[in-house]
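S.K.: First, the structure itself, so that you have it in front of you.
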Amino acid sequence: MTEQITILLVIIPLLCAPITAIFKSHKIAWAITFFVSLCCLLISSYILLQVIDGSQVIYELGGWQPPWGIEYKIDSLNAFVALIVSVMAVVSTVFAYASVQREIDDDLYGLFYAAFQLCLLGLLGIALTGDIFNLFVFLEISSLSSYALISMGSNRKALTAAFSYLILGTIGATFFLIGVGFLYAASGSLNIFDIASRFETYEKMQLVTTSFIFIILGIGLKAAIFPLHSWLPNAYGYAPSVISIFLAATATKVSIYVLIRVLFDVYPMEYWSKLLIPQVLLTLGCVAVIYGSVRAWQQNEIRRLLAFSSVAQIGYIIIGLALLSHSGITSAIMHMFNHAVIKATLFMAAGMILYRARSTTLSDLGGFAVNMPWTFAALFIAGLSLIGVPGTAGFVSKWYLLEGAVAQQKWFVVISIALGSVFAVAYLWKIVDAMYFSAQRKIHITKVKSGDISLAVAPKSMSVALWTGAIACIYFGLFTKLPTDAAKSVATALLGS
Amino acid sequence: MTITTALIFTLVIPLVGAIAISQLKRYENLRDGATLVTALCLFAVNVYLFVNRDLITDEANFTLVEPIDGLAIAFSLNSFGLLFALVASGLWIATSIYAIGYMRAHHEKHQTRFFTLFAVAIFGVMAVAYSDNLFTLFLFYEFLTVSTYPLVTHSGTQAAKRGGRTYIFILMGTSILFFLPAMIITWFTAGTLDFVQGGILQGKLDSAALLPLLLLFILGISKAGVMPFHKWLPAAMVAPTPVSALLHAVAVVKAGVFSVVKIVVFIFGTDFINDVHANDWLIYLPAITILAASLIALTKDNLKERLAYSTVSQLSYIVLGAMLANKYAIIGASMHIAMHAFAKIALFFAAGAILVTMHKTKVSELSGLGKRMPFTFTVFTIGTLSIIGLPFFGGMWSKWYLLSGALDYQSISITYWFVLSTLAISSMLNIYYLLSIPMKGFFGASDGNTSIQEAPTACLIGMAIPTLFTLYLFFDPSIFYVLSAAIAP
Amino acid sequence: MIEYILGHFNYWLIITVMMVGLYTLISRANLMKKLAGLAMFQTAVILFYVSLGKVTGGTVPIVDDQFTIYSNPLPQVLMLTAIVVGVATTALGFALVIRIKEAYDTVEEYEIQKMDSDS
């Protein structure tokens, strides 16, 4: 029974997306999307409960035997990533109701939601599949739909952002494909677990190293690992708010998940440890943390600021992975989850500001917090969490990260983490200072009918989504059992006990 | 009622009170009644804990949650926390009475929000007082900063916001930049953050690292007002007077010095500090703060600002006491938390009464007002004398022990004499910048109008309580002595 | 040496196509040309897969008693999917270029960047 349910995670959005595309009505399109994401949430939480004790759920697509057929092999890591994706899908769908009506053209509602569901499908598919070529297909499904979604942003810069993301994303995916080709040439298999189980037999072949480098580069581009992050700030900065929220919370996380799979399941750790990969990743992670934070600090536009901060936060995750210790991996997995929650909340706050003020440029928003104190409060809470103040979710993952770095006496990592946090204080203070402490400015609003109610109030659905996120930032800082258990179980699975 | 239950009550009562107050928006009298009842209940529970303190065992604690293994949000009963909780909750009653009169007479807006957040802030204070480990302490230290912020900017004007900006920037900035790393270093060195009498770092921390770590803590806990991070306190004076009185003379600032003493005694351990002689140079920080703040206070014409700098200076007495790290100094520091609270709150109440009745905020405008507000100025005089540390007022005892501690201090002679002369000079400066105010009030030239006009009755009652206690504590300081002596090495 | 080069003739060709594509993609400022480069780049990968599947002396993979050696059909099947992905990418890219042309009235990258930095 459980095995059959897993495939529904992919089937439901796949079936519903074309149906959604037919409808022009916003309500219906939204309702279908909400239904889809809710179903996915239920299924993925059910699956996570099944596998959190360390067991696996195996599903053979079409009944074909692996390694020839496609196999879905779900352990706690897959399930956890799927849960992150579907939770964020639900939250962003709730947020979307008002936001999409504002930001997307009337005749595109159906297509927008259809693309959104395809993106969800792609991300969930990546999380579930155990076949590396199938993974490429899902990667491209999610990427293609996200290029389209990003280009729907109201600023024309969204178009160029989407275009350069398309170019770079396709290069990344093609690199990945080349890598898979080499790997297939060496191993004759596409099943991740099959490749791994016979790795010694072809380890010596030159092809393997080439395939490894190509695959890592390809994923690195998709995951926006410094210095391959250049598409990210514009893409997240100019996308429609809902898409910023959803992609910032999930897309890079899922790519990092692929990285984890490749590093720990496809290629054995002993193999790539010799290639200086941990050291390289560790250095890149530290540079990303500092570079991203400094660049975020230089931004004057909230959403671009948050996007650069994502570059830095991905750095934290990479550091956690590259430490190759239980604490490190635990921290990386937890930070994938915590950062998804935090960044989604921050982007939601930015989206609400955009909704009300029609701008997220700091110089336009002087004293605007007075008009939306609750949104601002949620932004503040999520900001504290991003910094890593105790009692919030961000603290827990950073704590494990520090523990890992201190245990290995990697002091430059400790210093980078500290510097990153200091700059996080600085760039978030910049928002607080501009929005709250600056003298109030008259906000220029264009393209609005006078007497439009949306000027005075933020829609309830947005506030609900926002505060769900803000409360989660605190909740997962205090009651950490769920993410900790999942992350520790993953760490044990990846490293052995 | 077991000790643990009572402990939980001290945390729950202010929160329940806050909810009740926020729901009674439409019924002013009921709402203010709720504030008073909450304050009385909280004080009663704390008194109950005090009376039954013999029953305190290790079991008298409870853990709320444990986000990371070994790092729990936990509370426990200990005599030092009890002292702080008693002072804060007791003075909350006086402040509530005073605030009711003040806020109404001053026609402040958003009174419901004010009283609600006040109760929430008191919750933060209780949590700080009874925190069982450094992690919990840090958490509620931050909580206190955030929850008092709306009280500081209560009036909502640009000036209030500017003050609030400094307030939150310094308090949160230093705690994240210094306090948090210090805490993390402590964790990785000692493997625990529990408060243990005698400290947890001895034998684990390299003695060369002690001084930098202690410095991180002192700079990070900027609520203690040690220079150079003291500016938030004068900035916070934009708040309504009851806030300045309870939070910025008692609760918030005392949470700062409370944390410093707690860290010195329960994390580092006084023996460790003395063995390493880390305090030989660190002690200059509070000592210079005492002098510098006194000198700055001299130049301030705004009454509340002068009181704020006086607070900065007095807080450093406590930090100084903690740095001296011997038996009498710790007793003195701990008692000063209580003694200074009673006196300083009386001073603030008097300043608020002058503002509410005469609308005067500057020292230079007070000339001759003593004849028109004899009660208020009497209160002010008593508070002043207690802070100076003269006999017949409670403030004498804490200064007495602090001085004994300073005399016992084993250090290089230049530091020894510097500390002693600091104590002497600052008392002189106290006389000069504080006592000159009531002198001017009583003996200065007046504008001829001699009709008596005092603040609202509620304010007067509120003022009378701490003043009487200041007198009473001279004759019977045993309550606070007992609690202070319990933590002394 | 010569044998090695000639023996891998198909791979040299593929690498050439790939590099031409990548070079076009990087060096051209015209967005249409960029897309053309991208398509070439992808095509090279498709060729790569197809030649991977070729077994020397192997025949079309249809089971027949006469033959014992077949080419591997799997890479070709995989490439059907990759071609679809490639077509979708190119189509989406063209759509974006049309939209960019409408919004900026140019498809030259430098002009677009200039307009973006001015606004």
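The values are calculated or read from the model by the stated rules, or taken from the named source; none is laboratory data. All values derive from a computational prediction rather than experimental measurement. Glycine gets a Cβ as well: all are built from the backbone with ideal geometry, and neighbour counts include every protein chain shown. These accessible areas exclude ligands, DNA and RNA; they are computed on the full protein's heavy atoms, side chains included. Shrake-Rupley method; radii C 1.70, N 1.55, O 1.52, S 1.80 Å.
S.K.: Do we have any residue at all in segment B:43-56 that's over 22 Å from B:Lys262 (Cα atoms), crowded, with 16+ Cβ neighbours inside 10 Å and more than 14 Å from chain A (Cβ to nearest Cβ)?
M.R.: yes
S.K.: Still on this structure, I have one more. Would you say A:Ser244 is assigned to a helix (DSSP H, G or I), open to solvent by less than 10 Å² (accessible area, probe 1.4 Å) and touching a Leu at 6+ places or on another chain (Cβ under 7 Å)?
M.R.: Details: assigned to a helix (DSSP H, G or I): yes; open to solvent by less than 10 Å² (accessible area, probe 1.4 Å): yes; touching a Leu at 6+ places or on another chain (Cβ under 7 Å): no.
Considered against the rule, which asks whether it is assigned to a helix (DSSP H, G or I), open to solvent by less than 10 Å² (accessible area, probe 1.4 Å) and touching a Leu at 6+ places or on another chain (Cβ under 7 Å), A:Ser244 comes out as no.
S.K.: Let me ask another. So which pairs qualify, if the first residue must be in segment A:344-361 and within 12 Å of A:Glu301 (Cβ to Cβ), the second must be in a helix (DSSP H, G or I), the Cβ gap must be under 6 Å, and the two must be at least 6 apart or on different chains?
M.R.: A:Ala350/A:Ile302; A:Ala350/A:Arg303; A:Leu354/A:Ser241; A:Thr360/A:Ile302; A:Thr360/A:Arg303; A:Thr360/A:Ala350; A:Thr360/A:Ile353; A:Thr360/A:Leu354
S.K.: Now for a separate question. Among the residues of segment A:97-114, which ones are modelled with pLDDT of 90 or more and buried (at least 24 other Cβ atoms within 10 Å of the Cβ)?
M.R.: Result: A:Phe112, A:Tyr113, A:Ala114.
S.K.: How many residues, within segment A:422-431, are open to solvent by less than 20 Å² (accessible area, probe 1.4 Å) and within 12 Å of chain B (Cβ to nearest Cβ)?
M.R.: Filtering segment A:422-431 down to residues open to solvent by less than 20 Å² (accessible area, probe 1.4 Å) leaves A:424, A:427-428, A:431.
Narrowing further to those that are within 12 Å of chain B (Cβ to nearest Cβ): A:424, A:428.
So the answer is 2.
S.K.: Of all residues in segment B:180-208, how many are more than 10 Å from chain A (Cβ to nearest Cβ), touching a helix residue (DSSP H, G or I) at 6+ places or on another chain (Cβ under 7 Å) and under 23 Å from B:Thr145 (Cα atoms)?
M.R.: 4
S.K.: Sticking with this structure for a sec: Would segment A:467-484 turn up any residue that is buried (at least 21 other Cβ atoms within 10 Å of the Cβ) and farther than 20 Å from A:Gly388 by Cα?
M.R.: no
S.K.: I'd like the residue in segment B:183-196 that is of a type outside the set (S, T, N, Q) and outside any loop (DSSP other than H, G, I, E, B) and, out of all such residues, is surrounded by the most Cβ atoms within 10 Å (Cβ to Cβ).
M.R.: Only one residue fits best here, namely B:Met183.
S.K.: Can you find, within segment A:485-497, the residue that is nearest to the other protein chains (Cβ to nearest Cβ) among those that are in contact with a Leu (Cβ under 9 Å, 6 or more places away or on another chain) and open to solvent by 10 Å² or more (accessible area, probe 1.4 Å)?
M.R.: The residue in question is A:Ser489.
S.K.: Which helices (runs of 4 or more DSSP H) sit wholly inside segment A:122-238 and have at least 1 residues that are more than 12 Å from every other protein chain (Cβ to nearest Cβ), among the aromatic types (Phe, Trp, Tyr) and touching a helix residue (DSSP H, G or I) at 6+ places or on another chain (Cβ under 8 Å)? Show your work before the answer.
M.R.: Details: elements: A:132-151, A:157-187, A:192-197, A:199-202, A:206-223, A:232-238.
In segment A:122-238, the matching helices (runs of 4 or more DSSP H) lie at A:192-197, A:199-202, A:206-223, A:232-238.
S.K.: Please enumerate the residues belonging to segment B:134-153 that are more than 11 Å from every other protein chain (Cβ to nearest Cβ) and buried (at least 23 other Cβ atoms within 10 Å of the Cβ). Let's see the steps before the verdict.
M.R.: First, the residues of segment B:134-153 that are more than 11 Å from every other protein chain (Cβ to nearest Cβ): B:144, B:147-148, B:151-152.
Listed by number, the residues that qualify are B:Leu144, B:Thr148, B:Leu151, B:Val152.
S.K.: Which residues, counting only those in segment A:200-221, are open to solvent by 10 Å² or more (accessible area, probe 1.4 Å) and either at pLDDT 90 or above or among the acidic types (Asp, Glu) (or both)?
M.R.: Scanning segment A:200-221 gives A:Glu200, A:Glu203, A:Ile213, A:Phe214, A:Ile216, A:Leu217, A:Leu221.
S.K.: Taking helices (runs of 4 or more DSSP H) that fall entirely within segment B:362-478, which contain at least 2 residues that are open to solvent by 20 Å² or more (accessible area, probe 1.4 Å), modelled with pLDDT under 85 and of a type in the set (Ser, Thr, Tyr)?
M.R.: Working: elements: B:374-388, B:395-408, B:413-430, B:436-443, B:457-475.
Output list reads B:413-430.
S.K.: Here is a further query. Which helices (runs of 4 or more DSSP H) does segment B:197-296 wholly contain that include 1 or more residues that are among the hydroxyl-bearing types (Ser, Thr, Tyr)? Break it down stepwise before answering.
M.R.: Working: elements: B:207-220, B:232-235, B:241-246, B:252-262, B:270-276, B:279-282.
It comes to B:207-220, B:241-246, B:252-262, B:270-276.
S.K.: Can you find a residue that is within 12 Å of another protein chain (Cβ to nearest Cβ) and of a type in the set (D, E, K, R) anywhere in segment A:405-412?
M.R.: no
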